[in-house]
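Trainee: Before we start, here is the structure in question, set down as structure tokens.
The values are calculated or read from the model by the stated rules, or taken from the named source; none is laboratory data. All figures in this text were calculated on a predicted structure; none of them were measured in a lab. Cβ placement follows ideal geometry from the backbone for every residue including glycine, while neighbour counts extend to all protein chains displayed. Accessible surface areas use protein heavy atoms only, side chains included; no ligands, DNA or RNA. Shrake-Rupley method; radii C 1.70, N 1.55, O 1.52, S 1.80 Å.
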Amino acid sequence: MEVLLLLILLPPLAGAVLNGIFGRRFPQAVVSAVACTAPGLSLFFALLTAWTFAHLPTEPAPYVHSYFTWIEAGAFRADFALYYDRLTLVMTVAVTLVSFLIHLYSRGYMEQEGGYYRFFAYLNLFLFMMLTLVTAANYPLMFVGWEGVGLCSYLLIGFYFPRKSASDAGKKAFIVTRIGDVGFTLGVVLLFWTFGSVDFQYVFTRLEALPPGDLQGSLTAVGILLFLGAVGKSAQLPLYVWLPDAMEGPTPVSALIHAATMVTAGVYMVARSHALYAHAPLALEIVAVTGCVTAFFAATIALAQNDLKRLLAYSTISQLGYMFVGCGVGLFSAGNFHLMTHAFFKSLLFLAAGSVMHALSGELDLRKMGGLRHQMRTTWLTFLVATLAISGVPGLSGFFSKDAILAGAREGPLGDPRLYWLATVTAGLTAFYMFRALFMAFHGASRVQPALEPHVHESGGKMTRPLLVLAFFSVVAGYVSLPKALGGGEWFHHYLQPVFASSQALLSSTAAPAAGHAPSRLAVMGTSVLFAGAGFLLAYLGYVKFTGLPSRLTECFRGTYQLLVNKYYVDEVYDWLIVRPLRRGSEIFLWRIVDAGAIDGLLVNGSAQATASAGNLLRRMQSGNLRSYATWVLLGAVLWLGYILLR
């Protein structure tokens, strides 16, 4: 196991090093081979590790191995150690599988782009950092992966750095997520202050032995601070603003960030810290409320977006909110189930959007598409499958994972009817904006620019084959946890039960009893399907049947429409309240007073002027006159003698 865990991590790191250092000299085919072999090997070793772990005599207990002492300072110690349990198994397999398919797709998407080797070096490094994050055995090593995916997102979002909008988007992502990382860092420090360790196994063992209510104030503070890091990394209110701008990067980057790396890190961290959150129900409630409000908020913005990738970005923010609702109501397995299914259909949506961009020379405006299903049948079919999945249509993966969260919001240990109904309404909004995008891009009359119309074509096999594989998983992934109401055994939830059992038992024992009669699981499913059906019907009526209806409604509700199109003016408010005052204060205080006045004026220019003045004064002593020199010698002797006598 200790060798296999390293073999999951090392191939992407080796690929990043090889392409990063020597890729400029490699032919494109060699760069592709190195880049795609790395995640392929990681996937192989992830599956082999899963098989080996399943046959360990100690399974399902976690396997932990320390390779060497990494940091040791006084009482603080952190090893380079890896942690593997059933949750790690799910994450490593899902991350490597989706990343491998995105790498394969990128060969076709990026083959005409400059910086080909650099792109794949960053992509491999991104995967290595995410795998480090999910296999770490302590919070400092997790933080290395946490910051590593932040660095890689900065590099990849700003990949087209000559374009100012891309470089600005990369900087925005890096800065906004750093705000959350301050909270994460403080949370780890407070955790060490509380338990004297940051090692998962030690901390979780202490927490399981802790009586309910003990250290609740400290643990609540730790939980909130750690969640602040997740808010930044997983783009939740109020730190979500970097993710829509991240669409400036290449489309495969968007798929990787939104499906397998970066934004899912926050959800994984909360789930990994389940033992901590079980002793901090207030922090867990904050997780659930933040997730639910973010899900609804982002879904309303997506209703009016015409940029296809930005619409999908707001969809990701909304779906991440769902995952936090699952974790926040105490059903950590439900949140991770949706994380897994979402990885397949969201990466499929982005890669299908990339196929559309490829055919339309980079065009993203839905108002300049239409009728593409005739020329791009594979892309249309796969986009349709992903749309059905994310909308929660029965029989596809999103239906099972989303309804598990909705049921948890209604019946979970910390469930609340208000969370349930807001999440259910959000499901209807999701179906509307996703089918709106589908109908505007692929159905109806063509609105493609005449110059581009003759060149519209289906993407090549390098791009379409990964789409078909992802479409397959978007259909079948949900069946790993078929609900009991439909005759299944909820295998996924039972598989993760040993990981979360103690936390869920504690939450169930301390939670207040639910008021009133809870609806059956079938009733929850029926309600969500009803809302999703209403969303589909409204999209069909507005964008297929009566195509003039949306423009008339826009005129009637112009104020609301402008509010949604402009994303509630949140970026403008942040710019007015935070960015401009900081920039103005920096210009006045840091630049003019500190830099120009103190550093340049006193230290640099001031010291130079003082030296020059002293030199001018001392220069007068060098007159070349012997009598003058004798006078100075005599004066110096008198002064020295006076000093000795006075002393």
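Trainee: Within the set of pairs 6 or more residues apart or between chains, which connect a residue that is loosely packed, with under 14 Cβ neighbours inside 10 Å inside segment 491-511 to a residue that is in a helix (DSSP H, G or I) and of a type in the set (A, V, I, L, M) with Cβ atoms less than 8 Å apart?
Mentor: Short answer, once both residue conditions are applied: 491/480.
Trainee: Scan (1) under 20 Å from residue 429 (Cα atoms); (2) open to solvent by less than 10 Å² (accessible area, probe 1.4 Å); (3) under 16 Å from the mean Cα position of the chain (by Cα) for the single condition residue 254 breaks and write down its number.
Mentor: For residue 254, the exception is condition (1).
Trainee: Which members of segment 63-85 meet the condition of being over 18 Å from residue 142 (Cβ atoms) and either touching a residue at least 24 places away in the same chain (Cβ under 8 Å) or of a type in the set (Val, Ile, Thr) (or both)?
Mentor: Matches in segment 63-85: 75 only.
Trainee: I'd like the full set of residues that are assigned to a loop (DSSP other than H, G, I, E, B) and either of a type outside the set (Val, Ile, Thr) or closer than 12 Å to residue 153 by Cβ (or both), limited to segment 238-267. Lay out the reasoning, then the answer.
Mentor: Quick first cut of segment 238-267, residues assigned to a loop (DSSP other than H, G, I, E, B) only: 238-241, 249-250, 260-262.
Those that are assigned to a loop (DSSP other than H, G, I, E, B) and either of a type outside the set (Val, Ile, Thr) or closer than 12 Å to residue 153 by Cβ (or both): 238, 239, 240, 249, 250, 260, 261, 262.
Trainee: Taking the criterion of being charged (D, E, K, R) and within 24 Å of residue 16 (Cβ to Cβ), would at least one residue in segment 100-110 satisfy it?
Mentor: Yes; the residues of segment 100-110 include at least one that is charged (D, E, K, R) and within 24 Å of residue 16 (Cβ to Cβ).
Trainee: Can you tell me how many residues within segment 483-498 are among the hydrophobic types (A, V, I, L, M, F, W, C) and modelled with pLDDT of 90 or more? Lay out the reasoning, then the answer.
Mentor: Just the residues of segment 483-498 that are among the hydrophobic types (A, V, I, L, M, F, W, C), to begin with: 485-486, 491-492, 496.
From the residues that got through so far, the ones that are modelled with pLDDT of 90 or more too are 491-492, 496.
Adding up the residues that qualify gives 3.
Trainee: Same structure again: When segment 575-586 is examined, which residues are found to be of a type outside the set (Val, Ile, Thr) and open to solvent by 70 Å² or more (accessible area, probe 1.4 Å)?
Mentor: Filtering segment 575-586 for residues of a type outside the set (Val, Ile, Thr) gives 575-577, 580-586.
Across segment 575-586, the qualifying residues are 576, 577, 580, 582, 583, 584.
Trainee: Have a look at 159, 126, 120 and point out the one that is open to solvent by less than 10 Å² (accessible area, probe 1.4 Å) and touching a Cys at 6+ places or on another chain (Cβ under 7 Å). Working first, answer last.
Mentor: Details: 159 fails: touching a Cys at 6+ places or on another chain (Cβ under 7 Å); 120 fails: touching a Cys at 6+ places or on another chain (Cβ under 7 Å).
Testing whether each residue is open to solvent by less than 10 Å² (accessible area, probe 1.4 Å) and touching a Cys at 6+ places or on another chain (Cβ under 7 Å) leaves just 126.
Trainee: Pull up segment 532-567, narrow it to residues that are open to solvent by 70 Å² or more (accessible area, probe 1.4 Å) and in contact (Cβ under 8 Å) with a residue 24 or more places away in the chain, then point me to the one that is nearest to the chain's Cα centre (by Cα).
Mentor: 536
Trainee: It is to be established whether one or more residues within segment 273-286 are closer than 19 Å to residue 504 by Cα, assigned to a helix (DSSP H, G or I) and of a type in the set (Asp, Glu).
Mentor: Among the residues of segment 273-286, at least one is closer than 19 Å to residue 504 by Cα, assigned to a helix (DSSP H, G or I) and of a type in the set (Asp, Glu), which makes the answer yes.
Trainee: Quick check on my filter: what residues within segment 57-82 are among the aliphatic types (A, V, I, L, M) and either on the phi > 0 side of the Ramachandran plot or open to solvent by less than 40 Å² (accessible area, probe 1.4 Å) (or both)?
Mentor: The answer is 78, 81, 82.
Trainee: Can you find, within segment 571-627, the residue that is farthest from residue 172 (Cα to Cα) among those that are small (Gly, Ala, Ser) and outside any helix (DSSP H, G or I)?
Mentor: Filtering segment 571-627 for residues small (Gly, Ala, Ser) gives 585-586, 596-598, 601, 606-608, 610, 612-615, 623-624.
Next, only the ones that are outside any helix (DSSP H, G or I) stay: 623-624.
Numbers: 623: 63, 624: 65 Å.
If we take residues in segment 571-627 being small (Gly, Ala, Ser) and outside any helix (DSSP H, G or I), then 624 is farthest from residue 172 (Cα to Cα).
Trainee: Would you mention how many residues in segment 359-384 are closer than 16 Å to residue 349 by Cβ and open to solvent by 10 Å² or more (accessible area, probe 1.4 Å)?
Mentor: 6
Trainee: If you check 328, 321, 354, which single one turns out to be crowded, with 24+ Cβ neighbours inside 10 Å and more than 19 Å from the chain's Cα centre (by Cα)?
Mentor: Going through 328, 321, 354 in turn, the sole match is 354.
Trainee: Could you check how many residues of segment 459-474 are open to solvent by 50 Å² or more (accessible area, probe 1.4 Å) and either within 13 Å of residue 385 (Cβ to Cβ) or not in a helix (DSSP H, G or I) (or both)?
Mentor: Qualifying residue count for the region: 4.
Trainee: With 142, 110 as the choices, which residue is among the aliphatic types (A, V, I, L, M), modelled with pLDDT of 95 or more and open to solvent by less than 10 Å² (accessible area, probe 1.4 Å)?
Mentor: 142
Trainee: Report, by residue number, each residue of segment 416-451 that is part of a loop (DSSP other than H, G, I, E, B) and open to solvent by 30 Å² or more (accessible area, probe 1.4 Å).
Mentor: The initial filter retains those residues of segment 416-451 that are part of a loop (DSSP other than H, G, I, E, B), namely 416, 443-451.
Result: 416, 443, 444, 445, 446, 447, 449, 450, 451.
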